[in-house]
Amino acid sequence: MFVIFSSLLFWSRIRWDEKSLGQLKHYVKRLLFLILGWSVVLLPFWLHRHITRYPDDWTLYLVPKLLLYGGCRGGYFIMSLIYGTTIIYFLHRYLGKIVPFILVCLVGIYYDLAHLELINDFIGIRVKKGILDSNFLCFRFFFYMEVCVWFIPWLAGKLSKLNNQLWLWLSIVAFVATCAVKNDLVAYIAVMCFLVLLGALLYNLRCTKLPSWSVTLRNMSVVVYLLHFVMIDYGERALRHFTGINIAAHGPYVEYTAILAVTLPIAYLVAGPLAQRFPLVKRWLL
């Protein structure tokens, strides 16, 4: 969903003219500023963990780590957007509409099926060797980035006469029911179709004018997304070490509720007052 929302927002702005390359550069530059800023903020955490994992040859794995993951946990989503969006853009720029759609969908679906071990990986596209893990490359999200270029907007047009709010809730119920099914090919296809359908329904429900507070809320989501990894890995560990309280033992709902209770006020402070007073905070962290 993270990839679909981000891709829909980006591709909806692309006009595929001479200025479109500048739009891509601006998008990639913004994401690079974002991942670089958060990498600096989280440097004490990720670098210590990296050296601990590879004590003898950590310098050898440092560059692949930065190129694949960025310098923070969860950064591979952002790195995947950078790689995937760039590849898909040039494919559509020079190969038209249908050929890239078929090519990217074949690659993305094959990788997913091989990753889930629903088919044998005959090509060997899955790689897991040391720090190099293709699971954190854009192959994993290729299909969902590609369908946002024209297929989801096209599908949204076909569904425009439906009660999109009603069908949105029905599709969510269907998705929850699908989650109870064991991991097989039918479940994979159902989830894939659900995500595409959900993207189309939300595309039809998009707001043309957003209230001013939504900008702060959007920026907060970025901070929450990256900050909650710190709270999970290190905040919980520190709490358990000094107090003996193990939040994770109470289940994921209690764990994430406690984590959000801490991260939301911090995210509001970063996205609101600090960003307004300090332009560098807005540029590097949001």
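When only the Cβ of Lys, Arg, Asp and Glu is charged (+1, +1, -1, -1), the dipole of the chain relative to its Cα centre reaches about 940 debye. Every helix of 4 or more DSSP H residues in the chain counts as -39500 (n - 2.57), and over all residues that averages to -22000 deg cm²/dmol at 222 nm. Note on Arg15/Ile102: beta-carbon distance plugged into 1/(1 + (r/R0)^6) with R0 of 30 Å gives a FRET efficiency of 0.80. Multiplying the residue separation of Gln165 and Ile109 by 0.36 nm and removing their Cα-Cα distance gives an extension gain of 17.3 nm. Here the Kirkwood formula puts the hydrodynamic radius of the stretch 168-247 at 16.4 Å, using every distinct Cα pair. Among the helices of the chain, those built from whole DSSP H runs whose Cα atoms reach 27 Å or more along their own axis and whose mean Kyte-Doolittle hydropathy is at least 0.0 are 20-41, 75-95, 185-204.
For the stretch 232-286 and the stretch 13-74, what is the separation of their Cα centres, given in Å? First find each Cα centre; the distance between them is then 21 Å.
For the stretch 1-115, the alpha carbon convex hull comes to 130 Å³ per residue, rounded to a whole number. Would you list which lysines come within 25 Å of Lys161, measuring only between C-alpha atoms, while excluding same-chain residues fewer than 8 positions from it? Straight-distance partners of Lys161: Lys209.
With semi-axes defined as the square roots of five times the eigenvalues of the C-alpha gyration tensor, the equivalent ellipsoid of the chain measures 31, 25, 23 Å, largest first.
Restricting the calculation to Cα atoms, every distinct pair contributes to the Kirkwood radius of the stretch 124-166, found to be 13.0 Å. Taking every Cα-Cα distance in the stretch 213-285 and sorting them into 10 Å bins from zero, the calculated P(r) comes out as 19, 44, 24, 12, 0 percent. Once the chain from Leu260 to Phe175 is taken as fully extended at 0.36 nm per residue, the excess over their C-alpha distance is 28.1 nm.
Calculate the translational D of the stretch 51-169 in whole µm² s⁻¹ from Stokes-Einstein, where the hydrodynamic radius comes from the Kirkwood formula applied to all Cα pairs, the temperature is 20 °C and the viscosity 1.002 mPa s.
Details: Rh = 16.5 Å.
For these conditions, the coefficient is 130 µm²/s.
Annotation: for a label point projected 7 angstrom from Cα along Cα→Cβ of Val186, residues of the stretch 90-134 with backbone N closer than 18 Å are 118-119.
FYI, it's all coordinate maths here, none of it is from the lab. These numbers were taken from a predicted model, which means no experiment stands behind them. Quick reminder, even Gly has a Cβ in these numbers, built from the backbone with ideal geometry, and neighbours come from all protein chains shown.
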